[in-house]
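All of the numbers you see were taken from the coordinates with simple rules; none came from a lab. Since this is a predicted model, take the numbers as computed values, not measurements. Virtual Cβ from ideal backbone geometry, glycine too; neighbours counted across all protein chains shown.
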């Protein structure tokens, strides 16, 4: 590995696991299969021993019609050889704003993955249960705000079409916050280790990372492997440089997005105010026209009820206009 130039960055800072390249090395390589198996055991809520040694990574380059910007060779896809074989894909969505295009891309990739692997047509009963786990920095369902939210095919009445296809979203940013505030203990249905791992994935400080590894009550061998891999990769000058370059670009992009949003809102407000002013002008003009009609009707001694029906105004509104007409006439 190349030596990291410590003069360029804070020597105590590290590239977080949420960085896509690091995430794919930690969880997507054969030599790190035990770490992947440990993560899967937490997600599936089954003993680690049932998954250890049963992870087989798959190439996704054969999946047809992938979206053009998707580098399918680097996607983390593997088979888990349990009592019922599972095909699992894990994704990192390292953004605080989950645009619909990101969600659509995930759904598109998952759908292709679910349908791939059939040896012959019409053997649909042999489709492998496929689960995609998305590690996010935001909620997908911002109303429900579930830390771990499972999505399946279902109709409006809630009938589930198939259990063989699932996309599970995890808000690791919120889970990390709950870890540090010690409020994660309220979530009995989620393993405490997942909260700790969420914090670990986001950590950018070396000393805090090491302290976190010690404080999380997970398998000792997994702890040692995870810490060694992350620290070794943080002296890889190519990976570190790429991370900081992308971070700088990300900051610029976020600033540009915010600027565009402010400018767009400003333009929308200007347009809205202009439209409201035009509408008020039109309504005022129409009211003046109605007043002229009402004045003529009063001169011809038409009943107030008839005037109200003809002008689509209430009796009170007509009376107010008649009072105005009478006052002007007496001046």
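Within the P(r) computed for the range 116-202, what percentage of the Cα pairs occupies the region above 20 Å?
Across the range 116-202, Cα pairs with separations above 20 Å total 48 percent.
Just want to confirm a number: the relative contact order over the range 20-235, from Cα pairs under 8 angstrom separated by 6+ residues, in percent.
The normalised contact order for the range 20-235 reaches 15 percent.
Tell me the Kirkwood radius of the range 170-218: reciprocal of the mean inverse pair distance over distinct alpha-carbon atoms, in Å.
10.7
Could you order peptides 14-23, 185-194 by the average number of other Cβ atoms within 10 Å of their residues, highest first?
Result, highest mean Cβ count within 10 Å first: 14-23, 185-194.
At a 10 angstrom cut-off on C-beta neighbours, averaged per residue, how do the peptides 25-33, 170-178, 152-160 rank from highest to lowest?
170-178, 25-33, 152-160
Can you give the extra length, in nm with one decimal, that the chain gains between residue 186 and residue 30 once fully stretched, where that is 0.36 nm per residue apart less the Cα-Cα distance?
Result for the pair: 52.6 nm of gain on full extension.
Averaging sequence separations of C-alpha pairs under 8 Å and six or more residues apart, then dividing by the length of the range 167-218, give the relative contact order as a whole percent.
RCO, the range 167-218: 36 percent.
Ordered by packing density, taken as the mean number of other Cβ atoms within 10 Å over each peptide's residues, highest first, how do 48-55, 136-143, 108-115 rank?
108-115, 48-55, 136-143
Specify, per residue and in Å³, the volume enclosed by the convex hull of the alpha carbon atoms belonging to the range 20-235.
Roughly 148 Å³ of hull volume per residue.
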